[in-house]
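**Student:** Quick one: this structure, given as structure tokens, is what I'll be asking you about.
The values are calculated or read from the model by the stated rules, or taken from the named source; none is laboratory data. These figures come from a predicted structure and were not determined experimentally. Because the Cβ atoms are built from the backbone with ideal geometry, glycine has one as well, and the counts that use them run over all protein chains shown. When the accessible area is computed, the model is the full protein with side chains, heavy atoms only, and any ligands, DNA or RNA have been set aside. Shrake-Rupley method; radii C 1.70, N 1.55, O 1.52, S 1.80 Å.
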Amino acid sequence: MALPPSLGETVPLNRNRKLLQTFLRVSFALVVALVISQIKLDYIESYLYDIRVRLKPFTNTSQKIELIFINPETVQALKGNPSAKDQTKLLKALFKEEPLAVVYDYDIAALNGTDEEKTAWAIEANKFKNLYASSKGLLMKGQEAPKLPGPLNLISLLPAPRTSDLLNFGKDGVTRRMMLTYQDNKVLQPTIAALVNPDVQNIKNIRGVFDFIETDQAYIDFQPAGTYPRMEFSQVMTSQFSTGRYKDKIILIGQDLGISDDEYISTPFKREVIAMTRLEMQANIIDTLIKNSAPVKAPGWLNWLLVALISILTVHVVLAMKPLRGLVILGGAFAGVFVVCFLAFWPLGYWVLMAQPLLAIFLCYYFFIPYRLIVENRRSWEYYQKNRLLRQVEELKGNFISMMSHDLKTPIARIQGMTDVILADQVALSSQQREAVDTIRHSSDDLLKFINAILNYGRIESEGVQLHLQSKDVNQLLTEAIKKNEFLGKLKRIQIISELEPLFPVSIDPDLIKQVFTNLVENAIKYSPEDTKIMVSSEEKDGKIVIQVADQGFGIPADELPNIFMKFFRSMNAKSSPIKGSGLGLYLAKYFIELHRGAIFVESSYGQGSTFTVELPLN
Ligand code: ADP
């Protein structure tokens, strides 16, 4: 039969297998990550993006923006939409305030008034340094800017488009982005924002700017509806505001009449069609640009790296960890992705894709769990088979040993009988012959003891032990055990000192406990040199009876101490010495003591002696 490989050969083999296993796992995880990064998850990602926008704590605005609304109350007060005359009045009221800019964000071409009234309004408008009206259409490359009709053509017109994710990303009509240029032509919002923050005049300086079908765009750093201060047109027109309110402010004028979709947008905060007025969207865009705080989309490689790391972690957890622990770690990873992505979004303003890492956890989990189940199933089947075989072998071994032991007992009894006959016979034997017969007698005694120990062990293993409890004085059993070994001790001139504290009787199986004590005292004598002492003591301590057998013997090496109570274990020294033993005494002692809910342990210093301690519960 081939010899098993030595330890030195198995280590590199195992290491290579482990390396290969790790390599395969990482490769699998990377392939899954690669596949996942190809899957478009815009719909889920848009939800996760919106959640982050909603959870983000309120950040201060630039405090530079004021809104003036033409709302139903204004229409009621003016008995119709504001006319050219009303507009002139409004501008007159605002001019005294010296605002930084005034922007009309609705269709002013269609307003009522005679040509003179419109001219008066246009002249008033021209007094402002920065007064613009927004146009709906976009300017194409090289195209000339459109003009307002008639006398209004004095008012500068600039496109201030609104974007919504209708055909792209979430495809939910939500406004998340702003347009900064179209075919290299500037639009209104950066022009206005540059009045406060000149940096954004150069589109390249705008945070988070990206190319999107011939436009420069960025994401809006949204604040919820109602964030920016607002007043009604009719009230401002009649100067019902505190003086200085509009000084150096950007004033946006628009409609909140509830008559057209065009007046409203859906936002990440709310997906309803009228979640926010268009004017507030403009305020959000201009404010984002003033603060230059647009969220930046993390680069593709960073997203991929996150997906790859999460995949590797999940595959490792699923294949190598205990199920409950794995689930806790995966739950932690799931929450961790949320926290990391949220912290990146706020306060850092980075938008790390979240849908793909989360999907990676699910996919890797559901993909590799069946694989693990198959492997574990196979393993437990192998264990089962091995176990069955081991049990059969163990049974065979037990049967064989007890059969052998039993069959050996008869010839030994015969040998003992014959030696007794020879020794009892008066026929004079030479001293040499007598010594030989004595040796035969002693050896057969040892052999019988050994066989009895094995038979005893075999019986206990197969039938178990029935405890016959009696109320008994432990000291009495100790004294009997010492007495039984007295002769053995005398042979080696070993003095056995006993210090037995008077004890109350306890409920024990006297035969088993006596066997334990006898074994401990016998061992102490067996494994001690001549002319030494053995101390046997008993006392009551902490609700227990504590018995100690201490010797000044050979002791037990520290590396062998943990094995001392194992069946058939004998220390190297004992095995190489002429001292006989089966290695079953301490195994059975531990077994018997534990049946009594007690404990047995040993302290030993090699070369100096050992102390065995038995603890028995009082009840
Ligand atoms: P054995 O029949 O060999 O004495 P035990 O189970 O009683 O079997 O003891 C197991 C082993 O523990 C012994 O072989 C011996 O190596 C060690 N041992 C037990 N008692 C002592 C002791 N008092 N001093 C040193 N070694 C001991």
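**Student:** Determine the dipole magnitude for the chain: charges of +1 sit on the beta-carbon of Lys and Arg, -1 on that of Asp and Glu, nothing else is charged, the reference point is the Cα centre, and the result goes in debye to the nearest 20.
**Tutor:** Result for the chain is approximately 900 debye, rounded to the nearest 20.
**Student:** Name the residues whose placed amide hydrogens come within less than 5 Å of the amide hydrogen of LEU180, ignoring near sequence neighbours (fewer than 5 apart) on the same chain.
**Tutor:** Correct list: ASP216, GLN217, ALA218.
**Student:** Let me ask something else about it. What figure in square angstrom, to the nearest 10, would you give for the accessible area of TYR591 with a 1.4 Å probe?
**Tutor:** We get 80 Å² for TYR591.
**Student:** Enter the angle in degrees (range 0 to 90, nearest 10) between the Cα long axis of helix 278-291 and the first principal axis of the Cα atoms of the chain, meaning the one along which they spread out most.
**Tutor:** Between the helix axis and the principal axis of the chain, the angle is about 70 degrees.
**Student:** Using the C-alpha gyration tensor of segment 192-314, what are the square roots of 5 times its eigenvalues, in whole angstrom, with the largest one first?
**Tutor:** The answer is 35, 19, 13 Å, longest axis first.
**Student:** Of LYS490/LYS541; LYS64/LYS92; LYS129/LYS186; LYS92/LYS247, which sit over 24 Å apart, Cα to Cα?
**Tutor:** From the list (LYS490/LYS541; LYS64/LYS92; LYS129/LYS186; LYS92/LYS247), the Cα-Cα distance tops 24 Å for LYS490/LYS541.
**Student:** At R0 = 25 Å, how high is the FRET efficiency between TYR606 and ASN452 if r is their beta carbon distance? Nearest 0.05 is fine. Present the calculation step by step, with values, prior to reporting the outcome.
**Tutor:** On the way: r = 31 Å, r/R0 = 1.23.
Here the calculated transfer efficiency is 0.20.
**Student:** Can you give me the C-alpha center-to-center distance between segment 237-286 and segment 558-586, rounded to a whole angstrom?
**Tutor:** Centre-to-centre (Cα) distance: 91 Å.
**Student:** How big is the accessible area of ASP407 in square angstrom, nearest 10, if you roll a 1.4 angstrom probe over the protein chains?
**Tutor:** 100
**Student:** Which of the trypsin sites (Lys or Arg not before Pro) found in segment 33-102 are loop residues per DSSP with 15 or fewer other Cβ atoms within 10 Å of their Cβ? Don't skip to the answer; put the middle values down first.
**Tutor:** Values: sites: LYS40, ARG52, ARG54, LYS64, LYS79, LYS85, LYS89, LYS92, LYS96; in loops: LYS40, LYS64, LYS79, LYS96.
Passing both the DSSP loop test and the Cβ count: LYS40, LYS79, LYS96.
**Student:** When ranked by the protection proxy of mean other Cβ atoms within 10 Å per residue, highest first, what sequence do the peptides 349-356, 410-417 form?
**Tutor:** 349-356, 410-417
**Student:** Beta carbons within 10 angstrom, averaged per residue: use that to sort the peptides 22-30, 229-237, highest first.
**Tutor:** In descending order of packing, they fall as 229-237, 22-30.
**Student:** On the principal axes of its Cα set, how long, how wide and how thick is segment 95-149? Give whole Å, largest value first.
**Tutor:** Here the Cα extents, ordered largest to smallest, are 38, 29, 17 Å.
**Student:** Could you work out the relative contact order of the chain? I mean the mean sequence separation of Cα pairs under 8 Å and 6+ apart, divided by the number of residues, in percent.
**Tutor:** Reported relative contact order: 11 percent.
**Student:** Please give the helix 355-424 orientation as an angle from the longest Cα principal axis of the chain, in degrees from 0 to 90, rounded to the nearest 10.
**Tutor:** 0
**Student:** Right, another one. Would you mind classifying segment 428-515 by shape? Square roots of the alpha carbon gyration tensor eigenvalues, ordered a ≥ b ≥ c; an a/c under 1.5 is rounded, otherwise it is prolate if a/b is larger than b/c and oblate if not.
**Tutor:** The shape class here is oblate.
**Student:** Could you order peptides 546-557, 243-254 by the average number of other Cβ atoms within 10 Å of their residues, highest first?
**Tutor:** Details: 546-557: 20.7, 243-254: 18.7.
Top to bottom by mean Cβ count within 10 Å: 546-557, 243-254.
**Student:** Continuing with the same structure: Within segment 157-193, whose backbone N sits under 15 Å from a point 7 Å along Cα→Cβ of PHE58?
**Tutor:** none
**Student:** Take every DSSP beta bridge with both residues inside the chain and express the antiparallel ones as a percent of the total, to the nearest 5. Write out the running numbers ahead of the final one.
**Tutor:** Values: 38 of 67 bridges.
Counting DSSP beta bridges with both partners in the chain, the antiparallel share is about 55 percent.
**Student:** Just need log10 I(q)/I(0) for the chain at q = 0.08, 0.11, 0.12 Å⁻¹, Debye formula, equal scatterers on the alpha-carbon atoms, no solvent, rounded to two decimals.
**Tutor:** With one equal scatterer per Cα and no solvent, log10 I(q)/I(0) is -0.76, -1.09, -1.19.
**Student:** Now a separate question. I'd like the Kirkwood hydrodynamic radius of segment 4-118, using the inverse of the mean 1/r over distinct C-alpha pairs, in Å. List each step's numbers first, then the result.
**Tutor:** Details: mean 1/r = 0.0448 Å⁻¹.
Result for segment 4-118 stands at 22.3 Å.
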